[in-house]
1. Of the numbered conditions (1) part of a helix (DSSP H, G or I); (2) at pLDDT below 80; (3) touching a helix residue (DSSP H, G or I) at 6+ places or on another chain (Cβ under 9 Å), residue 456 fails exactly one; give the number of that condition.
2. Counting only residues that are within 17 Å of residue 69 (Cα to Cα) and assigned to a strand (DSSP E or B), which one in the stretch 117-146 is most open to solvent (accessible area, probe 1.4 Å)?
3. Scan the stretch 339-367 residue by residue and report those that are of a type in the set (D, E, K, R), part of a helix (DSSP H, G or I) and touching a residue at least 12 places away in the same chain (Cβ under 8 Å).
4. Can you go through 481, 463 and tell me which one is of a type in the set (Gly, Ala, Ser), open to solvent by 40 Å² or more (accessible area, probe 1.4 Å), within 27 Å of residue 387 (Cα to Cα) and at pLDDT below 85?
5. Looking only at the stretch 147-164, count how many residues are farther than 19 Å from residue 110 by Cβ and surrounded by 20 or more Cβ atoms within 10 Å (Cβ to Cβ).
6. Out of all the residues in the stretch 143-151, is one or more under 16 Å from the mean Cα position of the chain (by Cα) and aliphatic (A, V, I, L, M)?
7. Would you be able to say whether some residue in the stretch 435-444 is crowded, with 16+ Cβ neighbours inside 10 Å, modelled with pLDDT of 85 or more and either in contact with a strand residue (DSSP E or B) (Cβ under 8 Å, 6 or more places away or on another chain) or outside any loop (DSSP other than H, G, I, E, B) (or both)?
8. Sort out for me the strands (runs of 3 or more DSSP E) sitting completely within the stretch 1-104 that have 1 or more residues that are of a type in the set (Asp, Glu), open to solvent by less than 70 Å² (accessible area, probe 1.4 Å) and more than 27 Å from residue 439 (Cβ to Cβ).
Amino acid sequence: MFTLIIEDKNGALVGEYTFEDGEFIVGRSQQADIQLPADNVSRRHARIFTEEGRCYIQDLNAANGVWVNGRRIHASTELPRSAQVRIGDFFLHIEGAAFARPMTSPVYARLVPMPGSIGELTELTQSPVMVGRGKDCAVVLQDVSVSRIHAKLTQDDGGRVFVEDLRSSNGTYVNDRRIASQEMQHGDRIRFGTVAFSFQIEGMPDVDLSEAAPQPQRRTQASVQGAYAQRAHQAFAPMEHPPEQSYPVEQRTLLPQIAAIAVIVVAFVALVVLAGFAYDRFVAPKLDAKKPEVEGARGSRETKAHDDDDGKPAKKSRSTEAPEAPVPDPKAVQKVQFDELMVQGREQMAQKQWAAARGHFERAQRLDVLASEPQIALNKIALEEDAGGKVAEAFKAFERKDARGAVRLYKQVPASSVYGLDAQKQLQAIADLAEFDRQKSCHGRPRDLVKCLADCELVLSTGRAGAAAGDECQRFAQQSGQPDKGDKPSGGPKR
């Protein structure tokens, strides 16, 4: 037997429920089993259900999420003893005799802070684990060098742990080498910005952190100049992240160096201008005055060269004029421009920026009308835009409770599209919700046979109904005297 106690943000009792098994929808909708009237609660926010004597909770893609003991969940999660669940401004407490032991996940690795680092010892029990400065991260590092969402640690089915940098400002480093994604080994030194840890796998011998700490290196003049050059490059590089992320530390502390570089550049420009002025004012007039004398002497030497003893003309002197610059090949220039447009277009497609990508491919097509790659890419963009439009229309249809229209549109999205996976997930979600409604209408007391048949049609229209659901729907259709519509219904009721 489980007892659910609901309190508001002020601690006032809102409701109390007792149940033994089954499942319940929590949300602000009047059709929800447990109604929580608040703007930050979705219409269908979460699902609480029991299985084999244990209680679980599932986030139904709510905008503000479901939080269990201060951490946001992303999958069906078993509720431990005395668990505190936060949904919007409400707190849910679940107690029950079925909680015979504290529900804890096994520790598969630990992040041990390096000497001198601000980090704290963290045990990794879930996957994935988000690392960053944001409060919604599982590992929170309050340091200006750490981005709001900095990196992600993931354990695969084989027990291997991978770290992935999430385009952070100051990067993620493994053994002092910046990485994008890498498998972690026992004893590796991992650094998020300037916060360093020793990655240690549970069950392996502890690593001596005094030996793992890097030894100080002697800084030479060349290394100092290289560091200044690297910091100046980072200071003037374009910002790659949204404004809510922290600026790099180098941009906050390089003002004196930037000012010095600016002064040097201004002084160099002034020196070049002054040298040009002096040349035009003093040197050039003297060279122009000596030029006729030099040309006259050269002419006399050439005349003597022609008066050889044998009367033969002398050999011409080698020309001192500089060779002309080679004229660039127009076809080569056109090929370079074509390749650049194709690369830019593919990058825009990877970011789902279809309009910008189309512009690049159309310009590439004008450069080389015989190339087939731009037209292939344009056809792909047209298909992806059509698929994206169907996904957006399906979402709007579901929002206005037209579940059948949403199912029809989701089914039209090709599986090969970049939107195919999203469409399949949304189609599965609609099937789950329709199956939940069908269970209530077909097995409730009293049974609503009309709504049961309508829910059956919607479940079967998704193409994801199980064999048991199909048999039940066929039996209910025979009981009502209606013909069985099989696996091809005309559509379900508007939801």
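1. It fails just one condition, (2).
2. Of everything passing the filter in the stretch 117-146, 123 is most open to solvent (accessible area, probe 1.4 Å).
3. Start the filter on the stretch 339-367 by keeping residues that are of a type in the set (D, E, K, R), which leaves 339-340, 346-347, 352, 358, 362-363, 366.
Filter once more, so that each one left must be part of a helix (DSSP H, G or I): 339-340, 346-347, 358, 362-363, 366.
Within the stretch 339-367, 346, 358, 362, 363 meet the criteria.
4. Working: 481 fails: within 27 Å of residue 387 (Cα to Cα).
Residue meeting the stated conditions: 463.
5. Selection size over the stretch 147-164: 1.
6. So in the stretch 143-151, the residues under 16 Å from the mean Cα position of the chain (by Cα) come out as 147-151.
Those still in the list that are aliphatic (A, V, I, L, M) too: 149, 151.
Looking for residues that are under 16 Å from the mean Cα position of the chain (by Cα) and aliphatic (A, V, I, L, M), one finds at least one in the stretch 143-151, hence yes.
7. no
8. Values: elements: 2-7, 13-19, 23-27, 46-51, 54-59, 83-87, 90-96.
Hits in the stretch 1-104: 2-7.
The values are calculated or read from the model by the stated rules, or taken from the named source; none is laboratory data. Just so you know, these numbers come straight off a predicted model, no measurement behind them. Counting neighbours? That spans all protein chains shown, and the Cβs are built from the backbone with ideal geometry, glycine included. In case anyone asks, the SASA skips ligands and DNA or RNA and just uses the protein heavy atoms, side chains included. Shrake-Rupley method; radii C 1.70, N 1.55, O 1.52, S 1.80 Å.
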